[in-house]
Each structure stands twice: as structure tokens, then as C-alpha cells.
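The values are calculated or read from the model by the stated rules, or taken from the named source; none is laboratory data. What you see is a predicted model, and the numbers here were worked out from it, not measured in a lab. Note that each Cβ is placed from the backbone with ideal geometry, even for glycine, and that neighbours are counted across all protein chains shown. Remember, those area values only see protein heavy atoms, side chains included, never the ligands or the DNA or RNA. Shrake-Rupley method; radii C 1.70, N 1.55, O 1.52, S 1.80 Å.
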Amino acid sequence: VPNENLKHGPEKLKSYELGLKTQLLDDRLRVNAAVYHYDYKDYQAFSLLGVTPQVANSDAKSDGGEIEVTFVPVEGLMLSGGLSYIDSEVDAVPDVFGGTLKAEFPSAPRTSINLLARYEWPMLGGRTAVQVDGKWNDDQFLEGTNSQVSFEPSYSVWNGSVSYSTANDALRFSVWVKNFTDEEYRVYNLDLGQLGFIEQVYAPPRQVGASVSYRW
């Protein structure tokens, strides 16, 4: 499609970031952190006008930061966690009434937390590991217009696994459970109310399985 036929222009971003990486306690503790400011010119905001999808340009900004910590208190045990924060605003997103509104970035929870604990030990000439990991996401909107039907409340998802690998890591067995609390949450939402329906996609429910891999 020729550029002159497009109804929106290219998105431009000025980003300012400051970060640090540290290794402490004989490299048993690692801390990485960063803060940023994003200044968008002609941010490409997606919305629906009636039942017609469209992309419009608007100025926008985002401020945030993140911190990641990894700690190995004893041999074989690794603990890690991360925290991220984002505050975003799009100046003018077209709405269904022909006007504009201020909105947050879609699918961008203000706060997110992830945690992981893993313990590994020698067994049968190889290594066995037990791991539990999870994440928590704050409230968020799944559409650019921040419509209430696209509002997704905060949720957490937890996974667990037990694995065994041979000494050379050529053969690996594992059994796992994903989303073991069976949390129900959406990852996509498209409001087509004027056609009488809303398209929604939910994340997978609890899943239990096993896997075998071999490398040569």
C-alpha cells in the first residue's frame, strides 16, 4: 500500500533510560534495575469506529521502571524476583462517539511481579531439580479505548515442575503443571457490540504434562 494512502503517520519515539547492574556476595546476589521515560510523537492508537478498526496518531508518554533480583543463598538453591511499574497516557484515542479520550496503553498492567524458586541436587549420576514460578499482574485494559468491557482485573498464575537431566544434559525428563491454581483470565478482547457479540480469548486453564528431550 503506498504511504500516501495510509490514514496515519509513522510513530516516533524518544526514549531516556538509566540503569545499573550489580554483583554482590561473591556473585551470589545480582541486582539489576532501570528507570525510563518514553516520549511518543504520533503514537499509533488502535480503536474501533462502529465496527471498523482504525489506527489514529496521538502523542503519548510512558514512565516506569523495573528491578530484578537473583540470590543463591546455598549451593543448588536459586531465588529470583522482579518488579515492574508503568504509568502511561495516550492523549487522544478516537472513541465510538466520534470524539477522543485519554487512555492508558492496552495490555500494560501498572504493576507486575514475578517470582521463581529452584532447587537442584545430584541424583543417579545426573541432576534433579524442583521449580516453582509465578507472576502477578495488576488491573489492565485489553483495548486501546480502555472500554469497561475490556477491563481485566488483577490475576496471578503459578507453575511447577520436577525435572531430571543426565550429567552431560543430553537427556532430560520433566513433569510439569502450568497454571496450577486454574486462574481464569483474558489475554485478548475485541468489543463488536454493534454486531451483537464480543470476541474474547482466555488464557489456557490448568495443564498437566510431561516431556522428554534428547540432544546430540
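Report the paramagnetic label zone for Val201: residues of segment 131-155 whose backbone N is under 11 Å from a point 7 Å from Cα along the Cα-to-Cβ axis.
No residues fall inside that zone.
So, in the chain, how many Lys pairs have Cα atoms under 18 Å apart, if the pair is 8 or more places apart or on different chains?
9
Which one of Ala117, Ala167, Ala92 has the biggest mean-square fluctuation once the chain is modelled by GNM with Cα springs under 10 Å?
Ala167
For the chain, what does the relative contact order come out to in percent, with C-alpha contacts under 8 Å and a separation of six or more?
Relative CO of the chain lands at 12 percent.
Could you work out the local net charge near Pro205, counting Lys and Arg as +1, Asp and Glu as -1, over the other residues with Cβ closer than 11 Å to its Cβ?
-1
Could you work out the relative contact order of segment 1-123, using alpha carbon pairs under 8 angstrom and six or more residues apart, expressed as a whole percent?
Here the relative contact order equals 21 percent.
Ignoring ligands, DNA and RNA, what percent of the accessible area of segment 27-168 is carbon or sulfur (1.4 Å)?
Exposed carbon and sulfur together represent 59 percent of the surface.
Amide H of Gln140: which non-local residues (sequence gap of 5 or more, or other chain) have their own amide H closer than 5 Å, using H built in the peptide plane?
Glu152
Relative to the present Cα-Cα distance, how much length would full extension add between Tyr185 and Val208 at 0.36 nm per residue of separation?
Residue separation times 0.36 nm, minus the Cα-Cα distance, leaves 6.5 nm.
So what is the accessible area of the chain per residue, in Å², with the probe set to 1.4 Å?
Averaged over the residues of the chain, the accessible area is 63 Å².
Which shape class, rounded, prolate or oblate, goes with segment 27-106 when its Cα gyration tensor gives a ≥ b ≥ c as root eigenvalues, a/c under 1.5 marks rounded, and past that a/b bigger than b/c marks prolate?
prolate
Output wanted: per-residue J couplings in Hz (rounded whole) for segment 26-32, from phi through Karplus 6.51 cos²θ - 1.76 cosθ + 1.60, θ = phi - 60°, x for Gly and Pro.
For segment 26-32, the Karplus curve yields 6, 6, 7, 10, 10, 10, 10 Hz.
All other residues with a Cβ under 10 Å from the Cβ of Ser147 taken together, and with Lys, Arg as +1 and Asp, Glu as -1, what is their net charge?
Taking every Cβ under 10 Å from that of Ser147, the sum is -3.
What is the spin-label model distance, in nm, from Glu11 to Tyr85 if the labels are put 7 Å beyond Cα along the C-beta direction?
2.4 nm
Can you work out ³J(HN,Hα) from phi for every residue in segment 158-165, in order, using Karplus 6.51 cos²θ - 1.76 cosθ + 1.60 and θ = phi - 60°, giving whole Hz and x for Gly and Pro?
Calculated HN-Hα couplings, in order: 10, 10, x, 7, 10, 9, 9, 10 Hz.
Along segment 98-104, what does the Karplus equation 6.51 cos²θ - 1.76 cosθ + 1.60 (θ = phi - 60°) give for ³J(HN,Hα), rounded to whole Hz, x for Gly and Pro?
Couplings: x, x, 9, 8, 7, 8, 8 Hz.
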